[in-house]
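Participant: Before I ask anything, here is the structure I am working with.
Quick note: the coordinates plus some simple rules give every number you see, no bench work behind them. Fair warning: this is a prediction, and the values are worked out from it, not measured in the lab. All Cβ positions, even for glycine, are placed from backbone atoms using ideal geometry, and neighbour counts span all protein chains on display.
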């Protein structure tokens, strides 16, 4: 008969693999979120640069057509920033979900590990009792 701890160890190995997969997925989601945040910062920085250029051009008395070009481009940047913020929000939600998935799997692995340890301790105690019984049965008998 196979020991209980060995059956649980097989389950534990499967759970550990699943936990590693969830941890890797969480890591990928975090990288995607960070990339989306960096892109948002780039867009915001670019917009600020263009706003500064627009202000300088206006102060320098630039042609109206040039100022309209600046305004049009700044408006497109604003739309891109709004879209990127939406993407950042989505990535943050996905990251939180992946973290929750990994956390639940991690908790499961720890619980299974505790069961395995408990079963192994039980089996060691049972083995010690059997050995003691054999020793007692073989010992000098008083009659």
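Participant: With the structure loaded, tell me whether residue 93 is under 30 Å from residue 114 (Cβ atoms) and within 15 Å of the chain's Cα centre (by Cα) or whether it fails that test. Working first, answer last.
Facilitator: On the way: under 30 Å from residue 114 (Cβ atoms): no; within 15 Å of the chain's Cα centre (by Cα): yes.
Answer is no for this residue.
Participant: Can you give me the number of residues within region 100-143 that are outside any helix (DSSP H, G or I) and under 21 Å from residue 7 (Cβ atoms)?
Facilitator: 0
Participant: Return yes or no: is residue 69 part of a helix (DSSP H, G or I) and out of contact with any helix residue (DSSP H, G or I) (no Cβ under 7 Å at 6 or more places or on another chain)?
Facilitator: The answer is yes for residue 69.
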